[in-house]
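Peer 1: I'd like to ask some things about the structure below.
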Amino acid sequence: MNKVTKFETVNLHGRDVTLRLCFNRRARHISLRVDEKWGGVDLILPGRNSRTEGLEFAHEKSLWILRQLDALPARVPFVDGAVIPILGTDHVVRHRPGARGFVWLSGNEIHVAGAEPHMPRRVTDWLKKYAREEIRKRADLGARSVGRKISRLSVRDTRSRWGSCSEDGHLSFSWRLILAPETVLDYVVAHEVAHLAELNHGGRFWKLVDQLCPGNKVPRYWLKRHGATLHRYG
């Protein structure tokens, strides 16, 4: 799409707002789009329109922009008292400054030792590790079921994809799937494992997905409707 992205801060009715300027030669006109994944508004600019014209358009639509931003889900930082969903169950973050260790799970609480400024990083690292463990055991089981091998498995903080499978059997997943209901995690893993045998989205591929994860229409719908909210954590 020949897209180049820049960020621009503008003042709309006394409020500083960051816009993501996306230059797209295929676009026919200037437009605005809310992106829940990064929690802001994209300003789409065709190749024939300048940055100045785009910002003028944004000022004209300032009230719409502010309404859309106010309607976005609030961000949830990893601090003491934060409520984080893990596999469909809410857990509360508890700061334990005098305790030894790093992060541990007890019931529906995530306990974090150490100094308060280190909490966000420690919780994030723990969630990534937990996500890898949960994804790995599901992926290994699925791969055996379809008679294929996983060459490598990685967990990242991806924005555009929840999972991927390469031709050489490398599976990659978003760690944020650990924040989704368990059925959603099951579906995404099944989807990518099925690609080990069918690197396409044809009939045989979807038959495999159905075998690995029966009743997957519900988690597929959940991910399409609510997936973007997983990016508000942390």
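The values are calculated or read from the model by the stated rules, or taken from the named source; none is laboratory data. Predicted, not measured: the structure shown is a model, and the values here were computed from it. Cβ coordinates were reconstructed from backbone atoms using ideal geometry, including for glycine residues, and neighbour counts include every protein chain displayed.
Peer 1: Within the stretch 46-57, can one find any residue that is in contact with a His (Cβ under 7 Å, 6 or more places away or on another chain) and either over 28 Å from Gly227 (Cα atoms) or in the same structural domain as Leu177 (by TED's automatic domain parsing) (or both)? Before the answer, list the steps.
Peer 2: Quick first cut of the stretch 46-57, residues in contact with a His (Cβ under 7 Å, 6 or more places away or on another chain) only: 46.
Now drop any that are not either over 28 Å from Gly227 (Cα atoms) or in the same structural domain as Leu177 (by TED's automatic domain parsing) (or both), which leaves 46.
Yes: one or more hits.
Peer 1: Turning to a different aspect of this structure: Please enumerate the residues belonging to the stretch 75-94 that are hydrophobic (A, V, I, L, M, F, W, C), in contact with a strand residue (DSSP E or B) (Cβ under 6 Å, 6 or more places away or on another chain) and over 22 Å from Gly39 (Cβ atoms).
Peer 2: Val92, the sole residue that qualifies.
Peer 1: From the residues in the stretch 110-124 that are within 17 Å of Leu230 (Cβ to Cβ) and not hydroxyl-bearing (Ser, Thr, Tyr), which one is surrounded by the fewest Cβ atoms within 10 Å (Cβ to Cβ)?
Peer 2: Pro120
Peer 1: Any residue in the stretch 35-47 that is at pLDDT below 75 sitting within a Cβ distance under 9 Å of a residue that is assigned to a loop (DSSP other than H, G, I, E, B)? List the pairs, counting only those 6 or more apart or interchain.
Peer 2: Here the result reads Lys37/Arg159; Lys37/Ser160, each pair linking the stretch 35-47 to a residue that is assigned to a loop (DSSP other than H, G, I, E, B).
Peer 1: While we're looking at this one, here's another question. Which one of the conditions (1) within 23 Å of Tyr233 (Cβ to Cβ); (2) at pLDDT below 95 does Lys128 fail to meet, given that it meets all the rest?
Peer 2: (2)
Peer 1: From Asp140, Asp42, Asp90, which residue is within 18 Å of the chain's Cα centre (by Cα) and surrounded by 14 or more Cβ atoms within 10 Å (Cβ to Cβ)?
Peer 2: Numbers: Asp140 fails: within 18 Å of the chain's Cα centre (by Cα); Asp90 fails: surrounded by 14 or more Cβ atoms within 10 Å (Cβ to Cβ).
Sole residue among the options that is within 18 Å of the chain's Cα centre (by Cα) and surrounded by 14 or more Cβ atoms within 10 Å (Cβ to Cβ): Asp42.
Peer 1: I would also like to ask the following. Looking only at the stretch 46-64, which residues are within 19 Å of Thr5 (Cβ to Cβ) and touching a Leu at 6+ places or on another chain (Cβ under 6 Å)? It would help to see each step written out before you state the result.
Peer 2: Pass one, the stretch 46-64, residues within 19 Å of Thr5 (Cβ to Cβ): 46-55, 57-58.
Those that are within 19 Å of Thr5 (Cβ to Cβ) and touching a Leu at 6+ places or on another chain (Cβ under 6 Å): Gly54, Ala58.
Peer 1: A follow-up question, please. Out of (1) under 30 Å from Val76 (Cβ atoms); (2) in contact with an Asp or Glu (Cβ under 6 Å, 6 or more places away or on another chain), the odd one out for Tyr233 is which?
Peer 2: The failed condition is (2).
Peer 1: Moving on. From the list Ile135, Ile110, pick out the single residue that is of a type in the set (A, V, I, L, M), without any contact (Cβ under 8 Å) to a residue 60 or more places away in the chain and closer than 19 Å to Ala197 by Cβ. Lay out the reasoning, then the answer.
Peer 2: Numbers: Ile110 fails: closer than 19 Å to Ala197 by Cβ.
Answer to the check: Ile135.
Peer 1: Does Phe173 satisfy being touching a Gly at 6+ places or on another chain (Cβ under 6 Å) and either at pLDDT 95 or above or in the same structural domain as Arg144 (by TED's automatic domain parsing) (or both)?
Peer 2: It is true that Phe173 is touching a Gly at 6+ places or on another chain (Cβ under 6 Å) and either at pLDDT 95 or above or in the same structural domain as Arg144 (by TED's automatic domain parsing) (or both).
Peer 1: Restricting to the stretch 186-234, name every residue that is surrounded by fewer than 13 Cβ atoms within 10 Å (Cβ to Cβ) and not hydrophobic (A, V, I, L, M, F, W, C).
Peer 2: Asn200, His201, Gly202, Gly203, Arg204, Lys207, Pro214, Gly215, Lys217, Tyr221, Lys224, Arg225
Table: residues versus (1) touching a strand residue (DSSP E or B) at 6+ places or on another chain (Cβ under 8 Å); (2) of a type outside the set (A, V, I, L, M, F, W, C); (3) touching a residue at least 60 places away in the same chain (Cβ under 8 Å).
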site: Ala131; (1), (2), (3): yes, no, no
site: Arg152; (1), (2), (3): yes, yes, no
site: Asp157; (1), (2), (3): yes, yes, no
site: Arg161; (1), (2), (3): yes, yes, no
site: Lys207; (1), (2), (3): no, yes, no
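Peer 1: What strands (runs of 3 or more DSSP E) completely inside the stretch 76-156 contain at least 3 residues that are among the hydrophobic types (A, V, I, L, M, F, W, C)? Reasoning before the result, please.
Peer 2: On the way: elements: 83-86, 89-96, 103-106, 109-113, 152-156.
The qualifying strands (runs of 3 or more DSSP E) are 83-86, 103-106, 109-113.
Peer 1: Just for the stretch 8-39: of the residues that are buried (at least 16 other Cβ atoms within 10 Å of the Cβ) and polar (S, T, N, Q), which one is nearest to Arg161 (Cα to Cα)?
Peer 2: Of everything passing the filter in the stretch 8-39, Asn24 is nearest to Arg161 (Cα to Cα).
Peer 1: Name the single residue, out of those in the stretch 149-160 being more than 30 Å from Val92 (Cβ to Cβ) and surrounded by fewer than 16 Cβ atoms within 10 Å (Cβ to Cβ), that is nearest to the chain's Cα centre (by Cα).
Peer 2: Per the criteria, the residue is Ser160.
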